[in-house]
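Right, one structure below, let's go through it.
The values are calculated or read from the model by the stated rules, or taken from the named source; none is laboratory data. Every value quoted in this text rests on a predicted model; they were computed, and no experiment measured them. As a convention, Cβ positions derive from the backbone with ideal geometry for all residues, glycine included, and neighbour counts pool all protein chains shown.
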Amino acid sequence: AQKVTQAQTEISVVEKEDVTLDCVYETRDTTYYLFWYKQPPSGELVFLIRRNSFDEQNEISGRYSWNFQKSTSSFNFTITASQVVDSAVYFCALTSGNTPLVFGKGTRLSVIA
Amino acid sequence: DVKVTQSSRYLVKRTGEKVFLECVQDMDHENMFWYRQDPGLGLRLIYFSYDVKMKEKGDIPEGYSVSREKKERFSLILESASTNQTSMYLCASSPNMGTGRNQPQHFGDGTRLSIL
C-alpha cells in the first residue's frame with residue numbers, strides 16, 4: 001500500500017525566514033510520481049510540482065525548491081525568504097500512475113509579518 | 001487554463017435530505033474525483049471515475065453515490081444526508097497521458113456542506 005506522511009501538522013515562521021516542509025512516502029512501485037499542492041485560505045488546491053521516481057534532480061522555482069531523495073523516501077519542500085502570502089496548507093501526494101493520488105494530511109504554514 | 005467548477009460554494013441541508021453536488025470540467029479530462037476534507041484527516045477519496053459511466057469506490061464511499069453520464073460532469077450524491085457528512089467537498093479532474101494516469105489533478109474551489 002502507498003502512504004504519505006507529513007509529520008509537521010503546523011509550522012509558524014516569521015516573514016523572511018526559510019522553512020522546510022517534510023514529506024516521507026512509502027511505496028513498493030519502482031515507478032511513481034510525487035506532487036506538492038498548496039491550499040490557500042480561499043480553499044482551492046493549487047498544483048505546485050510533479051516529480052517522477054526516475055528524476056532525482058532537485059528543482060528550484062523562484063523562492064521554492066524541492067529536494068527529492070529516494071534513499072530516504074523523502075520529497076521535501078523549502079520556501080526561502082517566506083512571505084505572508086505563503087501562508088496556506090501544503091499537501092504532498094503520491095501515485096504509481098495506475099492508482100488515485102494518496103495525499104498526506106497536510107502541513108499548515110503560518111507566516112507572520 | 002483548466003477550469004473545474006463546483007455548483008455551490010456553500011450549502012446547508014437537513015438530515016435525511018438527498019443532496020446533489022455537481023462538478024463540471026472544461027478540458028475534456030478523462031478522470032474525475034470527489035474528495036472530502038476534514039480537519040486533521042487531510043483529503044479522503046470518496047469516488048472516482050476514469051471514463052463516462054464508469055465509477056470506482058475510493059476510501060470512504062459509504063453513504064455516497066456518484067453519476068457520470070457525460071464526460072465533463074461528475075455528480076456526488078448523498079442519498080440520505082447525515083450530520084457526519086458535514087464537510088468540505090472537493091472535486092478534481094486530470095487527463096490521461098499515454099498509458100498512465102500520472103498527470104496533476106486540477107481542483108475546484110470546494111463546496112462547504114453543512115447538514116443540520
Report the residue count in region B:64-116 for those that are within 14 Å of chain A (Cβ to nearest Cβ), in a loop (DSSP other than H, G, I, E, B) and free of Cβ contacts under 8 Å to residues at least 60 places away in the same chain. 5
Based on what the data block shows, is A:GLY97 within 17 Å of B:ASN102 (Cβ to Cβ) and either without any contact (Cβ under 8 Å) to a residue 40 or more places away in the chain or of a type in the set (Gly, Ala, Ser) (or both)? yes
Could you say which residue among B:GLU22, B:GLU17 is modelled with pLDDT of 95 or more, within 15 Å of B:GLY110 (Cβ to Cβ) and among the acidic types (Asp, Glu)? B:GLU22
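Check region A:81-97 and report whether any residue there is part of a loop (DSSP other than H, G, I, E, B), more than 28 Å from A:ALA1 (Cα to Cα), within 14 Å of another protein chain (Cβ to nearest Cβ) and not hydroxyl-bearing (Ser, Thr, Tyr). Even if it seems obvious, please write down each step before you answer.
Step one: filter region A:81-97 for residues part of a loop (DSSP other than H, G, I, E, B), giving A:81-83, A:87, A:96-97.
Subset that is more than 28 Å from A:ALA1 (Cα to Cα): A:81-83, A:87.
Filter once more, keeping what is within 14 Å of another protein chain (Cβ to nearest Cβ): none.
No; the residues of region A:81-97 include none that is part of a loop (DSSP other than H, G, I, E, B), more than 28 Å from A:ALA1 (Cα to Cα), within 14 Å of another protein chain (Cβ to nearest Cβ) and not hydroxyl-bearing (Ser, Thr, Tyr).
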A:TRP66 vs. criteria crowded, with 17+ Cβ neighbours inside 10 Å and over 21 Å from B:TYR35 (Cα atoms): yes
Would you mind finding the one in B:GLN37, B:GLN25 that is within 14 Å of chain A (Cβ to nearest Cβ), in contact with a Leu (Cβ under 9 Å, 6 or more places away or on another chain), among the polar types (S, T, N, Q) and surrounded by 15 or more Cβ atoms within 10 Å (Cβ to Cβ)? B:GLN37
Working carefully through the options A:SER74, A:SER110, A:SER53, find the one that is polar (S, T, N, Q) and within 14 Å of chain B (Cβ to nearest Cβ). A:SER53
Please find, within region B:19-63, the residue that is farthest from B:LEU113 (Cα to Cα) out of those that are in contact (Cβ under 8 Å) with a residue 24 or more places away in the chain and of a type in the set (Gly, Ala, Ser). B:SER49
Kindly indicate whether B:ASP59 is surrounded by fewer than 20 Cβ atoms within 10 Å (Cβ to Cβ) and within 25 Å of A:TYR33 (Cβ to Cβ). yes
